[in-house]
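The values are calculated or read from the model by the stated rules, or taken from the named source; none is laboratory data. Note that the structure is predicted; figures quoted are calculated from it, not measured. FYI the Cβ positions are ideal-geometry reconstructions off the backbone, even for glycines, and counts take in every protein chain you see. These area figures cover heavy atoms from the full protein model, side chains too; ligands, DNA and RNA do not enter into them. Shrake-Rupley method; radii C 1.70, N 1.55, O 1.52, S 1.80 Å.
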Amino acid sequence: MTEKDFSSVSYTTLKEEGVVAYSSPSNIALVKYWGKRENQIPANPSISFTLDACTTKTKVHYKKKNNKNGEFSFDFLFEGEEKEEFKPKIKTFLKRIERYLPFLKDYHFVINTSNTFPHSSGIASSASGMSALALCFMQMERSFVENMTMEYFNRKGSFLSRLGSGSACRSIEGPLVQWGESKVIEGSSNLYGIKYPYNVHPIYDNYHDTILLVDKGEKQVSSSVGHELMHGHPYAVNRFAQADTNLDKLKAVFSNGNLVDFISIVESEALTLHAMMMTSSPYFILMKPNTLSIINSIWKFREQSKTHVCFTLDAGANVHVLYPESEKDVVFPFIKEKLVPFCQNGQYICDRIGLGAKKL
Ligand code: PMV
């Protein structure tokens, strides 16, 4: 599908008012997206596990406005309370998606949203939050047209989510979603994420992601600034090529279930992401001493236990600990005993691979 497919919808009815609601998960990238062109076009392809427990629930009440003043009109409530500070981000999002949803200025919206994970946990809420809101608008659009296919709904939902936050486009479906043009993934696109279209070995069923909350503070450098610093970065060209190669390698690993190879790709991607940050100009470090202590403990334990526990990181200090369902009885007690002490206030989240957003 092309951008044009998403802007040329004709509506049969525009309802007076209604309510739509979606729950959408976060996701954790295995091959990382870091670096973009205009309009959230990724500099390299990425792939992620969709998560299950970390979700945003969003309910939108919409009502036709009496006076069409050519402005966006909405109230925004987070966990039941009005949050003025979140409104500029929503407004920017509405501006970006208006040309694909031309009814937006005809309505007043009351947007009610909440997260299943603590807001200040350092878990990026933009992927789950932007995708949940995008899907609410898609649900509205679906009720204005006849026979929208599920494929169109998911593609456009992902396309709109991307305009809110790049990685949000990987939260619509699951368990594995790929985003960004790649020669090795048929149907891949820079415009939206697609459900990974090839065979996946059952070892990845129910894969665990225990998220260790190492530092819950505000990040010193936002992802938008981080992406920006990939322009003119001395290693950018090689990094983007490496992501292509890693995606190709992962394809084999998903099909043959070789977890040793899986680990070497996933951990290398995590460290490369942070290496790009450390070699940006200006440079920055988002890991904390406890991030490194956790990584070292995982390496030591993996060696001793002959298990396949590994880590990945997103743009922050928290550590995502990944392991197969078949090893949880050995790995989880290790996490609780040896890794949780490195978490801020002992906080962690037990998550696992999930199937994507749900209509509420
Ligand atoms: O979606 P953004 O712009 O917040 O970027 C997210 C980038 C990483 O989380 C670091 C990697 C990824 O692919 O999700």
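Residues checked against (1) surrounded by 17 or more Cβ atoms within 10 Å (Cβ to Cβ); (2) of a type in the set (A, V, I, L, M); (3) in the same structural domain as Thr245 (by TED's automatic domain parsing):
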site: Val31; (1), (2), (3): yes, yes, no
site: Arg37; (1), (2), (3): no, no, no
site: Gln40; (1), (2), (3): yes, no, no
site: Phe49; (1), (2), (3): yes, no, no
Can you tell which of Ser114, Ser24 is within 16 Å of the ligand (Cβ to nearest atom) and either assigned to a strand (DSSP E or B) or open to solvent by 50 Å² or more (accessible area, probe 1.4 Å) (or both)? Ser24
Cross-chain or 6+ apart pairs with Cβ under 6 Å, segment 255-276 first and within 21 Å of Tyr198 (Cβ to Cβ), then part of a loop (DSSP other than H, G, I, E, B): Ser255/Asn199; Gly257/His201; Leu259/His308; Glu269/Lys32
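Could you identify the single residue in Leu133, Leu101 that is open to solvent by less than 10 Å² (accessible area, probe 1.4 Å), within 16 Å of the ligand (Cβ to nearest atom), at pLDDT 95 or above and not assigned by TED's automatic domain parsing to the domain that holds Asp215?
Result: Leu133 is the single residue among Leu133, Leu101 that is open to solvent by less than 10 Å² (accessible area, probe 1.4 Å), within 16 Å of the ligand (Cβ to nearest atom), at pLDDT 95 or above and not assigned by TED's automatic domain parsing to the domain that holds Asp215.
Let's see how each residue does on (1) more than 22 Å from Val331 (Cα to Cα); (2) open to solvent by less than 60 Å² (accessible area, probe 1.4 Å); (3) not hydroxyl-bearing (Ser, Thr, Tyr); (4) not assigned by TED's automatic domain parsing to the domain that holds Pro324:
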site: Asp248; (1), (2), (3), (4): yes, no, yes, no
site: Val260; (1), (2), (3), (4): no, no, yes, no
site: Ile263; (1), (2), (3), (4): no, yes, yes, no
site: Ser280; (1), (2), (3), (4): yes, yes, no, no
site: Asn290; (1), (2), (3), (4): no, yes, yes, no
site: Ser293; (1), (2), (3), (4): no, yes, no, no
site: Phe301; (1), (2), (3), (4): no, yes, yes, no
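Select from segment 173-207 the residues that are closer than 22 Å to His320 by Cβ and open to solvent by 10 Å² or more (accessible area, probe 1.4 Å) and list them in ascending order.
Answer for segment 173-207, where residues must be closer than 22 Å to His320 by Cβ and open to solvent by 10 Å² or more (accessible area, probe 1.4 Å): Glu173, Pro175, Lys195, Tyr196, Val200, His201, Pro202, Ile203, Asp205, Asn206.
Can you tell which of Val177, Val221, Val225 is closer than 27 Å to Leu313 by Cβ and in contact with a strand residue (DSSP E or B) (Cβ under 7 Å, 6 or more places away or on another chain)?
Only one candidate qualifies: Val177.
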